[in-house]
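What follows is a single structure, written as structure tokens, with notes after it.
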Amino acid sequence: MSAKLTTRLRRLGALAGSLVLASAIVATFGISRLYAAQAGTPSAASASQENYLTPVELKFSHDGTKLYVVCEDDDSLLAVDVRTRRVVAKVKVGHKPKDVAVSPDGRTLYVSNEWDDTVSEIDAASFTQRRTFATGWGPVGVTTDRSGKVLYVANSMGNDVSLLDLTIGAEIKRLASWRSPHHLSLSLDGRRVYVANLLGHLGSPNEPPVSELVVIDTAKQRVAERIEIPGVLELRHIAEAPGPKGGYLLVPFIRPKNLNPLIQVAQGWILTHGMAVVRVAGTNGATQTKSSVTQILLDDVDSYYAGTNGVAFTPDGRHALVTSSEADTVSAVDTAKLERRLHQVPAEELANRLDSAREIVERRLETGANPMGIAISPDGRSAYVVNRLSDSLTVVDIPRLQVRGTIDLGGPKQLTQLRRGEQMFHAARFCFQGQFACATCHPDNHIDGVAWNLETPQLGRDRVANRTLRGIAETAPYKWNGHNPDLETQCGPRIAKFLFHSEGFNTTQLADLVAFIKSIPLPPSRHLAANGELTPAQERGRAIFFRKNCDTCHTPATHYTARTSFDVGTANQYDTSGLFDVPQLDRIVQRPPYMHSGEAKSLEELWTTYNPEDKHGVTSDMSKEELNDLIEFLKSL
Amino acid sequence: MKSKQMWRWFLGVVGSLALLGPACAQKPPLYTHWENFTTANGMPDEKVLSVAVDGDRVWAGTENGLVLIEKGKIQKVYKPEDGLANRVVTGIAVDPASGDVWLATFGGLSRLSGGHFHNYTNLTSGLANDITYGVAIQDEYVWVATTAGTNRFNTRTGEWSIFSEKNAPIQEPWSYGIAVAEKKVYVAIWGGGILEYDIAGGYWKPYTDPDGEMEIVLFKNQGLIHIIVSNIAWNKDTQMFWASTYFGLSGYDGRNWHNYLSMDSGLASDFINAPKSRGDEVWACTDKGLSYLNFKTNTWVTYRPNAKTGRGEIVITAPDKKVTTMETSTSLAHNYILNMDFQGDDIWVATATGLSHGIRETTRESNKEGKVHEHTTASR
């Protein structure tokens, strides 16, 4: 036997021994899968599959020893040992998980699966799945009530909140939220659940947006109040200030000046980022019987912190930490200074003041790429920020307000073209003063729901509604006027000149970004049966679609767009031309408002209000029943 | 001494029972005290078209806005400037699950949730017509009675369905009222009778007047009294629906019809705007007062204000047609009754000149309150 062969046999023997030992550990500690990832040593299996984890949310176990991390691209939930900073367990959940809730007794975890319309119930000890619950469409935010008997689920696609009875494992009621609810939070006293809507009300494109925070009374299980937050979009996480001086909520947002020409970005202040300070009526945070909202910005005058997203208070309430997901930053806000600032400056001024951050932000800390949720340890000594596009957690030393380190969650270390492109999509550094990233106006690769004065210097001219980036690879040309033949043109010189006011992306970066945008998939259709069969109303609507020759412009073979421009009589007094690119109809129901101007708040209005001359199809002879059927068919696409 | 007192007390009780006994046997619990909400104390309009109770809250739809009454006071008046689709609120339904208040108005359908309105109109949604009269909740579905048919709105999928003469067995699309049962939905069609929708099967069944449009009842169990049906109510206790027509009251128990006319019952008038029913109680909102029928005993009670005295009048018609009248110091706001709802033992009544809160008192108190005049009417 050669020495080489002997060595190999010894290695094999050692490997076998290790496997036996590992099996024994698994059997002993009852963990279904021992996950070997640790800082700097990603698992070989993950690397070979180039399967990024893309962690989006995290929660602490009640004893503070573990962090539960939701990974949306890996369809998994991880358990991270806080002391060893290692991933110690992993369980597969449904498709596109978004959030996790820990039961009051700490024994059960609930993970929302956005693309499966389910919640996975996980046994926290064995890290195995127990049950799966059906929810509404697109479940994202989850929280239990104080008793642990009811789970609240924000359904982003259904625009409502499901209440699941965890004893019977079924939905008991559904409450309307209106517009893409994402984040939920149980109040510290357990009496309320707060729901943050990502998108604003469907309103006039001539008015600033209005967003809404929904307050649910957990005793009555009814909507108690809808708190309007004017002038802002993209309400994200919700944190309640603890302690006797607390009681108020912080809700990060973006504040777009979409009625101003975006070309004025060089003058700054077009898209600011901050948070709403909400004092909810009936809580100790409110001095009056009516809820109040004050807005405060976290940007500096010459440097913006785009994509305010996660927020959490330290247990003593002295600091609030806020992530800026497109600036790769976490800002530490001194809450005493925040209180002072709120008293010093009138609320109507504060929303537009860019000098607040220097007063209230004590420290800016660098995170990994695309930081989202944040969790603070029960002892208040550490904060953990989940870095969505770095597959890592940033650890913050709270007493020192310094970054203490990074926890690598695993996943491949090499960046693929798509991953590079996605990172750029979420990076505001390419924009002048870091005012915004692509993702700022395209949250979840979709729409922000408002119309923008994009490229025309005249105030109010040629204002166009934001268009989705989902499933657009084969829908060129781009822009509402159809002037950009490809995404390279759309995202290259155009963005650099008109939007970012910077050098924009170089050739390689542009190729990466375009590759990523082309890869953005369409979410599942909720209006089409799983077997693809149409309902009777959809069948009737399909017949009308073809009888009315809708397919001439909305060509089924090419995503229901003829990929050219037509004048269908929708131009308004602010438009230079009446020719507009034919929008694709895939998932059309998921993206109101409609038309180039964003004036049509519903599909119905396209024909009842904005087709007076029958140029957008001859529809004036249709009965209301036929119109309803046509719309049901469109929803199925 | 002690035994003498005991004896007197015993005689007193027996004597009182002997006096009250006949009245107790005849009379159901009565509403002898009325509190009225009118324009004099904060109602935005004298005409109250609809009323719905949600626990401690009372919602009233008027010709000029929606009113919320709680703790005995008007708490809030909602107008179009607050977001309400239209000032004329004809129908109200509270979703028992969500607490959202759905409102049929003359400008579309409104949903009040968390203090904010969300409106659905013919132009912005699949609503058949903006003139809506009734609204009802069936699980996640909202049913709406409109002048162009009956709408069903799926709040989860956003799907709107229209049921009209084009796809349902009716000649008239003009829907006035909707009632939801466990397995059925009933629609009152003005000029088209009643439509019954089978929830599981998804099909319709019509109930019409077998004698055409004759405004008479040929025999007791003939069927629906008339095809001009103004509203409909479901009684889950007796599993019966009750339909109000402009020519009498019709009830159906699944096998037999129970028809009532003013000429041969204690019904105040054959012109009925709405029925309501629970347990053995059947209520008819007529143009000449609010009539109550104890379906089990066939005892009738009608409440109306006395135009001359301004006091309340209670007319009790016993099964043997014996009529007893009583007067009360307070009364309904008006004898033209448009709608009503229950709040525990109390009732809330929508009238032409205000909303009336009827407080039910015990029989003994009723006898103390009322000034009783008894007489028998041969025509009854």
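Here the sum of -39500 (n - 2.57) over DSSP H runs of 4 or more residues, divided by the residues of chain B, equals -3000 deg cm²/dmol at 222 nm, to the nearest 500.
Label 7 Å along Cα→Cβ of residue B:157; the stretch A:524-562 residues with amide nitrogen under 15 Å? Counting only backbone N, you get A:525-542.
Approximating the spin labels as points 7 Å out from Cα along Cα→Cβ, the residue A:567-to-residue A:65 distance works out to 7.3 nm. Simple spin-label estimate for residue B:82 and residue A:292 gives 2.3 nm between the two label positions (7 Å along the Cα-to-Cβ direction from each Cα). Computed as a quarter of the hull surface, the mean projected area of the alpha carbon convex hull for the stretch A:419-519 stands at 6.0 nm². Pairs of alpha carbons in the stretch B:46-171 separated by more than 22 Å make up 30% of all such pairs.
As a rough guide to protection, the peptides A:79-86, A:347-354 ranked by mean Cβ packing within 10 Å, highest first, stand as A:79-86, A:347-354. Looking at the stretch A:172-222, the pairs of alpha carbons with a distance over 19 Å make up 34% of the total.
In straight-distance terms, cross-link reach from residue B:220 covers every one of the aspartates and glutamates whose alpha-carbon lies under 13 Å from its own, apart from those fewer than eight places away in the same chain; here that gives B:209, B:211, B:264. Each listed q (0.04 Å⁻¹) maps to a log10 I(q)/I(0) for the protein assembly as shown from the Debye sum over equal C-alpha point scatterers, namely -0.25. Highest mean packing first, where packing is the average number of other Cβ atoms within 10 Å per residue, the peptides A:479-485, B:349-355, A:213-219 line up as B:349-355, A:213-219, A:479-485. The per residue volume of the convex hull around the alpha-carbon atoms of the stretch A:539-637 is 88 Å³. Helical content of chain A, expressed as a calculated mean residue ellipticity at 222 nm, amounts to -5000 deg cm²/dmol (DSSP H runs of 4 or more residues, -39,500 (n - 2.57) each, divided by residue number, nearest 500). Restricting attention to the stretch B:275-354, lysine pairs at least eight places apart or on different chains and with alpha-carbon atoms under 18 angstrom apart total 5. Among B:118-127, A:176-185, B:238-247, B:199-208, the peptide with the highest mean count of other Cβ atoms within 10 Å heads the list, and the full ranking is A:176-185, B:238-247, B:118-127, B:199-208. Annotation: aspartates and glutamates with alpha-carbon distance below 13 angstrom to residue B:183 (same-chain offsets under eight excluded): B:139, B:196, B:198. Distance between the modelled labels on residue B:214 and residue B:140, one decimal in nanometres: 4.9 nm (7 Å Cα→Cβ projection). Counting Cβ atoms of other protein chains within 10 Å of each Cβ in A:621-629 and taking the mean gives 5.
Which of rounded, prolate, oblate describes the stretch B:28-376, given a ≥ b ≥ c as roots of the alpha-carbon gyration tensor eigenvalues and a/c under 1.5 marking rounded, otherwise prolate only if a/b is larger than b/c? Here the stretch B:28-376 falls in the oblate category.
Listing A:424, A:622 from fewest to most neighbouring C-beta atoms within 10 Å gives A:622, A:424. Compared with the dominant Cα axis of chain B, that is its longest principal axis, helix B:2-26 is turned about 40°. Separation of the stretch A:273-327 and the stretch A:601-637 by C-alpha centroid, Å? Going from one Cα centre to the other spans 42 Å. The spacing between the stretch B:108-162 and the stretch B:42-84, judged by their C-alpha centroids, is 20 Å. Distance between the C-alpha centres of the stretch A:52-68 and the stretch A:415-449: 25 Å, rounded to the whole angstrom. Each of A:545, B:117 was scored by other Cβ atoms within 10 Å of its Cβ. Listed from fewest to most, they are B:117, A:545.
Per-residue shielding of A:424-437, expressed as the average number of other chain Cβ atoms within 10 Å of the residue Cβ, stands at 0.
When B:130, A:391 are sorted by how many other C-beta atoms sit within 10 angstrom of their C-beta, beginning with the fewest, the order is B:130, A:391. Only the Cβ atoms of Lys and Arg (+1) and of Asp and Glu (-1) were treated as charged; on that basis the dipole of chain A about its Cα centre amounts to roughly 1980 debye. Per-residue shielding of B:153-162, expressed as the average number of other chain Cβ atoms within 10 Å of the residue Cβ, stands at 6. Going 7 Å from the Cα of residue A:530 in the Cα-to-Cβ direction, what parts of the stretch A:116-131 have a backbone nitrogen less than 17 Å from that spot? Taking a point 7 Å out along Cα→Cβ of residue A:530, the residues of the stretch A:116-131 whose backbone N falls under 17 Å are A:116-120, A:131.
Looking at the stretch A:503-549, the pairs of alpha carbons with a distance over 15 Å make up 67% of the total.
Each principal axis of the stretch A:369-408 carries a Cα extent, and these read 27, 16, 14 Å when sorted largest first.
Values quoted throughout were computed directly from the atomic coordinates according to the rules given, and no laboratory measurement underlies them. The structure presented is a predicted model; accordingly, all values stated were derived computationally and were not measured. Cβ coordinates were reconstructed from backbone atoms using ideal geometry, including for glycine residues, and neighbour counts include every protein chain displayed.
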